[in-house]
Amino acid sequence: EVQLLDSGGGLVQPGGSLRLSCAASGFTFTNNAMSWVRQAPGKGLEWVSGIFGGGDSPWYADSVKGRFTVSRDNSKKMVYLQMNSLRVEDTAVYYCARFRGSGSYKAYSFDSWGQGTLVTVSS
Amino acid sequence: QSVLTQPPSVSGAPGQRVTISCTGSSSNIGAGYDVHWYQQHPGAAPKLLIYGNSNRPSGVPDRFSGSKSGTSASLAITGLQAEDEADYYCQSYDSSLNGYVFGAGTKVTVL
């Protein structure tokens with residue numbers, strides 16, 4: 001069974017940093033690209049970042065580019081999201097999600113999700 | 001404002017059929033990118049319901065079906081059940097934004 005366990009959320013002041021972690025199990029980790037998707041309180045879903053199975057060529061939504069960095073440790077089956085220069089509008093539940101798809105990454109969907117971890121940016 | 005437009009809410013009686021539309025543009029659905037659908041119950045993580053416009057992952061009942069035409073897509077739920085009450089989101093890729101985009105979500109209420 002595929003399992004994704006998100007952790008690392010908390011309360012941080014504007015301008016601060018936080019690192020989220022996602023522990024994966026139940027599948028061949030290097031076979032899948034991974035992503036982060038967030039959901040502000042009472043709002044819809046917003047894709048944040050993605051990283052291929054080999055850890056190369058991460059890509060980001062414009063709203064976080066230059067501030068967030070996604071990485072993965074395939075030996076530990078872990079995905080990370082380093083969030084710097086946090087803003088109030090980054091407040092959300094952050095989900096780790098597994099990409100589904102072969103071929104073009106533009107056709108990917110998100111087929112497994114973590115339980116989410118809440119990040120609150122407030123003074 | 002979301003790139004993909006969904007109705008805020010739809011409702012139906014148990015056993016009825018409801019449909020949720022997802023309207024995009026020439027930079028996403030109209031460009032030929034696949035549409036995927038997710039179900040989210042309150043307090044829970046989203047769940048993939050339909051991928052690649054019309055495909056159901058293993059375990060998803062065949063009461064759920066998806067279609068796509070032009071710049072729009074639709075999710076249909078037939079034989080509506082109480083447990084179908086949830087939020088539903090469509091998702092695709094947008095070439096102008098170079099990223100994945102979601103609709104704002106549609107709340108399905110079972111009367």
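A short reminder: the numbers here are calculations on the coordinates, not readings from a lab. Bear in mind the structure is a predicted one, so any value in this text is a computation, not a measurement. Please note: Cβ atoms are built from the backbone with ideal geometry, for glycine as well, and neighbour counts cover all protein chains shown.
Overview of values
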| quantity | calculated |
| --- | --- |
| Added length on full extension, which subtracts the Cα-Cα distance from 0.36 nm per residue, A:S25 to A:S104 | 26.0 nm |
| Equivalent-ellipsoid semi-axes of the protein assembly as shown, from the Cα gyration tensor, Å, largest first | 29, 19, 18 |
| As computed over chain B, the Cα convex hull volume per residue (Å³) | 94 Å³ |
| Distance between modelled label sites at B:S95 and A:K76, nm, 7 Å Cα→Cβ extension | 4.0 nm |
| Descending semi-axes in whole angstrom, ellipsoid equivalent of region A:49-90, from the Cα gyration tensor | 21, 11, 6 |
| Dmax and Rg, reported as Rg then Dmax, of chain A (C-alpha, Å) | 13.6, 44 |
| Net lengthening on full extension, B:T71/B:S54 (0.36 nm per residue, minus Cα-Cα) | 4.6 nm |
| Relative contact order (%) - criterion: Cα under 8 Å, at least six apart; region: region A:46-123 | 21 percent |
| Spherically averaged projected area of region B:63-109 from its Cα convex hull (nm²) | 3.9 nm² |
| About the Cα centre, charge dipole magnitude for chain A (Lys/Arg +1, Asp/Glu -1 at Cβ), debye | 100 debye |
| 18 Å Cα-Cα threshold exceeded, pairs from A:K106/B:K68; A:K43/B:K47; A:K43/B:K68 | A:K43/B:K68 |
